[in-house]
Amino acid sequence: MYNPKSMKAEEFISHPEVLETLAYAEANKHNAVLIDSILAKAKLRKGLTHREAAVLLDCDLEEKNQEIYALARQIKQDYYGNRIVMFAPLYLSNYCVNGCVYCPYHLKNQHITRKKLTQEEVAREVTALQDMGHKRLAIEAGEDPVNNPIEYILDCIRTIYSVKHKNGAIRRVNVNIAATTVENYRKLKEAEIGTYILFQETYHKESYEKLHPTGPKHDYAYHTEAMDRAMEGGIDDVGLGVLFGLELYRYEFAALLMHAEHLEAVHVVGPHTISVPRIRSADDIDPSAFDNGIDDDIFGKIVACIRIAVPYTGMIVSTRESQACREKVLGLGVSQISGGSRTSVGGYWEEEPEEEKTEQFDVSDRRTLDEVVRWLIDMGHIPSFCTACYREGRTGDRFMSLCKSGQIQNCCHPNALMTLEEYLMDYASPGTQAAGQAMIRQELPNIPSEKVRSLVRHNLENIRLGQRDFRL
Ligand code: SF4
Ligand code: SF4
């Protein structure tokens, strides 16, 4: 029985409800009257139900699809403006006791090098990341109670926040570790993490159990209910995601939105972010072994429909995607990207030796952070290194209410300009610096409030004089 308020995975991600949704979407994919009414509702920017969004995803009327893309672009502009928040992943350990068949870290992979960073190595990696200009990290680790217990993760977080190299600092650590207990989530909250991210991989229970044949992750309910435990542990910013390619994308899309509806219904706070990774090749992994791969067009449509369905939720794409694909989805709704990433354990401080392969997946976009920043600027996007919200206590429902009213823009845009100025002063190449300064001059007049504009102008001057860490 479908019940978004239930605390049981199989009731808030009800399989029959997903199937009925898919049938409804299929039956209505040419229904112009219904699609028009859904688009009219979407234009109110209050979001859509999973059923409504599924109809838009299935819609194959060309003219209506163009309206869907245009609306996604408009909503992106209204809620996020032209800023794109930057982050980098930091892999701490690839020890893992799970058997996920799509990930090279699975327990049975005997030929991958197993590695776990010491605290000294964490500090070195963070120094290298700071030297690139990063301020926001997403830490990643396999599930292994012996090698990667929660105490290890907490030590790493402490180390990361403690490193202050030149003008550098990591100001926000997002955490992507296995589903855990309320008690452990509470410890992560106390360690002042930003968002807790956990990819569902697939919401289809039967496939989930086959794709996760062994290890604690095999337990579908425990994994799917993790966000509720995280919220109970006090973490009010959580990030959802599925790994597209494992199951039918239409199924994942509907279920992902049902998960968002569940969080709203129970905790009154929807997901802070949604990630949209696609399966990639890696050691021991061939993506063609999975039949449900999606092409760039469908990927773009998924991004556009998520943008319309949950306007207030940030959307993340990683360097799994190529430059061309990232270019396409930036306009359609993505608000956060990684840059200059290494998906190996270690590798920022010193490139991995050839014989030591610890990557979780092949990176498609291999440009440096400076190149990514320049590329964004050249396309008219403001690269932002902002981490202000959680440091200002704007998390959970407080953050969501600012987001839903669109007021958050009054912080995001000025913060993007100030953190970009820091980046330009400390890390940018001369070409990026010139392009960035021109962008800041051009964007300053777009701050609507005279008071805020003059404050930002003043802060920019101070940044040029050597001060750091201004935020609204
Ligand atoms: Fe382990 Fe995560 Fe890889 Fe699964 S996806 S094998 S849990 S690191
Ligand atoms: Fe993100 Fe908040 Fe900064 Fe906006 S002000 S970019 S929402 S941290």
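The values are calculated or read from the model by the stated rules, or taken from the named source; none is laboratory data. The model shown is predicted, which means the values in this text are computed figures rather than measured ones. Glycine gets a Cβ as well: all are built from the backbone with ideal geometry, and neighbour counts include every protein chain shown.
Residue count for region 389-439 satisfying the condition of being modelled with pLDDT of 95 or more, within 24 Å of SER454 (Cα to Cα) and of a type in the set (Val, Ile, Thr): 1. State all residues of region 231-277 that are farther than 18 Å from CYS305 by Cα and either in the same structural domain as ALA53 (by TED's automatic domain parsing) or among the hydrophobic types (A, V, I, L, M, F, W, C) (or both); if no residue qualifies, say none. Once the filter is applied, which keeps residues that are farther than 18 Å from CYS305 by Cα and either in the same structural domain as ALA53 (by TED's automatic domain parsing) or among the hydrophobic types (A, V, I, L, M, F, W, C) (or both), region 231-277 yields MET231, ILE235, VAL238, LEU246, LEU263, ALA265, VAL266, VAL268, VAL269.
Looking only at residues that are part of a helix (DSSP H, G or I) and buried (at least 21 other Cβ atoms within 10 Å of the Cβ) in region 375-387, which one is nearest to ligand 1 (Cβ to nearest atom)? Walk me through how you get there before you give the answer.
Our first condition is that a residue be part of a helix (DSSP H, G or I); within region 375-387, this holds for 375-378.
From what's left, buried (at least 21 other Cβ atoms within 10 Å of the Cβ): 376-377.
Values: LEU376: 29, ILE377: 34 Å.
Looking at the filtered set, the residue picked out is LEU376.
Taken as a whole, region 437-453 holds no residue that is within 13 Å of ligand 2 (Cβ to nearest atom) and in contact with a Phe, Trp or Tyr (Cβ under 6 Å, 6 or more places away or on another chain).
Can you work out which of the residues in region 107-146 that are small (Gly, Ala, Ser) and assigned to a loop (DSSP other than H, G, I, E, B) is nearest to ligand 1 (Cβ to nearest atom)?
Start the filter on region 107-146 by keeping residues that are small (Gly, Ala, Ser), which leaves 123, 128, 133, 138, 141-142.
This time we only want the ones that are assigned to a loop (DSSP other than H, G, I, E, B), so: 133, 142.
Working: GLY133: 27, GLY142: 4 Å.
By that ranking, first place goes to GLY142.
Counting only residues that are within 16 Å of ligand 2 (Cβ to nearest atom), crowded, with 18+ Cβ neighbours inside 10 Å and either aliphatic (A, V, I, L, M) or free of Cβ contacts under 8 Å to residues at least 12 places away in the same chain (or both), region 403-436 holds 5 of them. For the condition at pLDDT 95 or above, surrounded by 22 or more Cβ atoms within 10 Å (Cβ to Cβ) and either small (Gly, Ala, Ser) or in a helix (DSSP H, G or I) (or both), HIS262 qualifies. In region 393-434, the residue that is nearest to ligand 1 (Cβ to nearest atom) out of those that are part of a loop (DSSP other than H, G, I, E, B) and touching a helix residue (DSSP H, G or I) at 6+ places or on another chain (Cβ under 8 Å) is THR395.
Can you go through ILE160, ILE170, ILE177, ILE153 and tell me which one is under 18 Å from GLY393 (Cα atoms) and in contact with a helix residue (DSSP H, G or I) (Cβ under 8 Å, 6 or more places away or on another chain)? Break it down stepwise before answering.
Details: ILE160 fails: under 18 Å from GLY393 (Cα atoms); ILE177 fails: under 18 Å from GLY393 (Cα atoms); ILE153 fails: under 18 Å from GLY393 (Cα atoms).
That would be ILE170, the only listed residue that is under 18 Å from GLY393 (Cα atoms) and in contact with a helix residue (DSSP H, G or I) (Cβ under 8 Å, 6 or more places away or on another chain).
Would you be able to tell me the number of residues in region 80-106 that are within 16 Å of ligand 1 (Cβ to nearest atom) and assigned to a loop (DSSP other than H, G, I, E, B)? Matching residues across region 80-106 total 13.
Pairs linking a residue in region 448-460 that is surrounded by 11 or more Cβ atoms within 10 Å (Cβ to Cβ) to a residue that is in a helix (DSSP H, G or I) and among the β-branched types (Val, Ile, Thr), with Cβ atoms under 9 Å and 6 or more positions apart or on different chains, are LEU460/ILE440. Can THR181 be described as surrounded by fewer than 16 Cβ atoms within 10 Å (Cβ to Cβ), without any contact (Cβ under 8 Å) to a residue 12 or more places away in the chain and among the hydroxyl-bearing types (Ser, Thr, Tyr)? No; evaluated as a whole, the condition is false for this residue. When we screen PHE244, PHE290 for residues that are at pLDDT 95 or above and either closer than 30 Å to GLU356 by Cβ or touching an Asp or Glu at 6+ places or on another chain (Cβ under 7 Å) (or both), the only hit is PHE244.
Scan region 300-326 for residues that are outside any loop (DSSP other than H, G, I, E, B) and either buried (at least 17 other Cβ atoms within 10 Å of the Cβ) or at pLDDT 95 or above (or both) and the total you get is 16.
Yes or no: ASP297 more than 19 Å from the chain's Cα centre (by Cα), of a type in the set (Asp, Glu), surrounded by fewer than 20 Cβ atoms within 10 Å (Cβ to Cβ) and part of a loop (DSSP other than H, G, I, E, B)? Step through it out loud before you land on a result.
On the way: more than 19 Å from the chain's Cα centre (by Cα): yes; of a type in the set (Asp, Glu): yes; surrounded by fewer than 20 Cβ atoms within 10 Å (Cβ to Cβ): yes; part of a loop (DSSP other than H, G, I, E, B): no.
It is false that ASP297 is more than 19 Å from the chain's Cα centre (by Cα), of a type in the set (Asp, Glu), surrounded by fewer than 20 Cβ atoms within 10 Å (Cβ to Cβ) and part of a loop (DSSP other than H, G, I, E, B).
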